[in-house]
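> This is the structure, below, for whatever I ask next.
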Amino acid sequence: MVGIEDIARDIGMSASTVSRALRDLPAVSEKTKEIVRAAADRLGYVRSAAASGLVTGRTMAISLVVPSVSLWFYSQVIEGVDSQLREADYDMALVNLGGVGVERQRAFRRSLLRHRGDAVLALCLDFSDEEREELRQTRLPVIVVGTPVSGLRFVGIDEVAAGAQATQHLIDLGHRDILHITGGAEERLGLSLRVPQGRRWGYEQALKAAGITPNPARVVEGRFSMEYSRTAIDTLIESGETMPTAIFAASDEMAFGAILSLNHHGLDVPGDVSVIGIDDHEMSSSFYLTTLAQRPFDQGVHGAQILLDELCGKPAVRTSRVLPVHLVTRGSTAPVTR
């Protein structure tokens, strides 16, 4: 098996220089790194994580802490993180903290703290005061992707602005009776409340700015689930209440549920009810859904790169990074007709 010493002899450099170059440390010039990487590829060198750990005290892995891998948003972020880690020759250690009480604490301590990756990237999770203190004591770099979390840096979007922009699109089309499907949050899983709260606050702000008084009865729970939101709209229609002229769903998956329910009950989208979501899910074009597009893959890329840069000795990024969203208009929204 080809080792660092073999590469060093081949290109006439010291083993220590080759080692630093392969670890992408800032003390080595980019030209030297290119020479070393080219030789490593040519000779078929494969890094030994165990050997690297003995020399550097690092695991060459980043712990990715997730509440679930089932939702499209989560899987997109994970793919973005993985793409950056692969490029940097780092491994990803997936830690699922979905659980309550003792089970969550056991997963947190056994899988996260004992594994001792070189950094922690949390996906849409908040941490208890006890967990924050335990993380602080590890002195590991930590970043949250997908949601603002008090006291921790994050990569994500401006949730309030996104909720306001989606609602404003409907208002601009003449709608004033706008139902909001909120994501809610499974607090028992430790999910941050900031995403559903922020999008609802944005919805209410846009209504007030347009002179419309927010009506709590026009907010229903969707739990970021297509089936749950479909049931919520089924219940509303079957209750005999006057239907809103438009629906703002806090995620595309909830918007899909709303559209399926409306169609099932013979209501036309957007003829009877306009629908808008947030995400630009891979199925959104199939539903002709108007949405505010965000790129969770890019959020994962940015979050991972911030950690990797810090591990390579670059100045730590202490501020959060807010990425843009943009309106994608399809066929699910139209001017109000009643």
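> Among Arg199, Arg86, Arg295, determine the one that fluctuates most according to a GNM of the chain built with springs between C-alpha atoms less than 10 Å apart.
Comparing Arg199, Arg86, Arg295 in a Gaussian network model of the chain, the most mobile one is Arg86.
> Amide H of Ile278 versus every other amide H placed in the peptide plane: which residues, excluding those fewer than 5 positions away on the same chain, fall under 5 Å?
Ser251, Asp252, Leu292
> If you roll a 1.4 Å probe over the stretch 4-47 with all protein chains in place, what percent of the accessible area is carbon or sulfur?
51 percent
> With unit charges on the beta carbon (Lys/Arg positive, Asp/Glu negative), name the residue among Leu25, Pro324, Gln76 whose Cα is farthest towards the positive pole of the charge dipole of the chain.
Selected residue: Leu25.
> Leaving out ligands and nucleic acids, note down the accessible area per residue over the stretch 159-294 with a 1.4 angstrom probe, in whole Å².
On the way: 5410 Å² over 136 residues.
Solvent-accessible surface per residue comes out at 40 Å².
> Let me ask something additional. Within the chain, what percent of beta bridges assigned by DSSP are antiparallel, to the nearest 5?
On the way: 5 of 36 bridges.
The antiparallel proportion sits near 15 percent.
> May I pose another question? Work out the FRET efficiency for Leu43 and Ser70 from their Cβ-Cβ distance, taking R0 = 30 Å, and round it to the nearest 0.05. Could you put the intermediate results ahead of the total?
Values: r = 42 Å, r/R0 = 1.41.
Efficiency for this residue pair is about 0.10.
> Considering the convex hull of the alpha carbon atoms of the chain, report its projected area averaged over all viewing directions, in nm², one decimal.
Averaging across all directions leaves 19.8 nm² for the Cα convex hull.
> Distance in nm between label sites at Asn263 and Arg136, each 7 Å beyond Cα in the beta-carbon direction?
Output for this residue pair reads 5.1 nm.
> Let me ask something else about it. For Val2, enumerate residues with amide H under 5 Å from its amide H, sequence gap 5+ or separate chain, H modeled in the peptide plane.
Result for Val2 returns Val46.
> Provide the gained length on full extension for the span Ala15 to Arg321, in nm with one decimal, where the gain is 0.36 nm per separating residue minus the Cα-Cα distance.
Values: separation 306, 0.36 × 306 = 110.16 nm, distance 3.78 nm.
That works out to 106.4 nm of additional length.
> In whole Å, what is the distance between the alpha-carbon centres of the stretch 186-253 and the stretch 310-338?
Distance between centres, Cα-based: 20 Å.
> Give me the Kirkwood hydrodynamic radius of the stretch 218-287 in Å, from all C-alpha pairs, to one decimal place? Provide the component values of the computation, followed by the final result.
Details: mean 1/r = 0.0849 Å⁻¹.
Computed over the stretch 218-287, the radius equals 11.8 Å.
> Quick check for me: using +1 on Lys/Arg Cβ and -1 on Asp/Glu Cβ, what's the dipole size of the stretch 159-294 about its Cα centre, in debye to the nearest 20?
Once rounded to the nearest 20, the dipole reads 420 debye.
> Treat every Asp and Glu Cβ in the chain as -1 and every Lys and Arg Cβ as +1, leave all other atoms uncharged, and give the resulting dipole magnitude about the Cα centre to the nearest 20 debye. Display every interim value, and only then the final one.
Values: 35 positive and 42 negative charges, 213 e Å.
Approximately 1020 debye in magnitude.
> First compute the accessible area of the stretch 159-294 with a 1.4 Å probe, then give the percent of it belonging to carbon and sulfur atoms.
On the way: 2670 of 5410 Å².
Heavy-atom surface of the stretch 159-294 belonging to carbon and sulfur, 1.4 Å probe: 49 percent.
> Continuing with the same structure: How far, in degrees from 0 to 90, does helix 30-43 lean away from the longest principal axis of the Cα atoms of the chain, to the nearest 10?
Helix 30-43 sits at roughly 80 degrees to that axis.
> Grab the other residues whose beta carbon is less than 10 angstrom from that of His265, score K and R as +1, D and E as -1, and report the net. Provide the component values of the computation, followed by the final result.
Details: positive: none; negative: Asp234, Glu238, Asp272.
Summing Lys/Arg as +1 and Asp/Glu as -1 gives -3.
> From the helices alone, meaning DSSP H stretches of at least four residues, give me the mean residue ellipticity at 222 nm for the chain, per-run term -39500 (n - 2.57), in deg cm²/dmol to the nearest 500.
For the chain, the value works out to -13000 deg cm²/dmol.
> Near the amide H of Val95, under 5 Å away, which other amide H atoms are found, from residues 5 or more places off or on another chain, if H is placed in the peptide plane?
Amide H neighbours of Val95: Leu64, Val65, Val66.
> Sticking with this structure for a sec: How large, in Å, is the stretch 159-294 by the Kirkwood hydrodynamic radius built from its alpha-carbon pairs?
Working: mean 1/r = 0.0691 Å⁻¹.
Hydrodynamic radius (Kirkwood, Cα only) of the stretch 159-294 equals 14.5 Å.
> Largest first and to the nearest Å, give the Cα extent of the stretch 4-47 along each principal axis.
Computed over the Cα atoms, the extents are 24, 17, 16 Å.
The values are calculated or read from the model by the stated rules, or taken from the named source; none is laboratory data. Predicted, not measured: the structure shown is a model, and the values here were computed from it. Cβ coordinates were reconstructed from backbone atoms using ideal geometry, including for glycine residues, and neighbour counts include every protein chain displayed. What goes into the accessible areas is simple: the full protein's heavy atoms, side chains included, and nothing from ligands, DNA or RNA. Shrake-Rupley method; radii C 1.70, N 1.55, O 1.52, S 1.80 Å.
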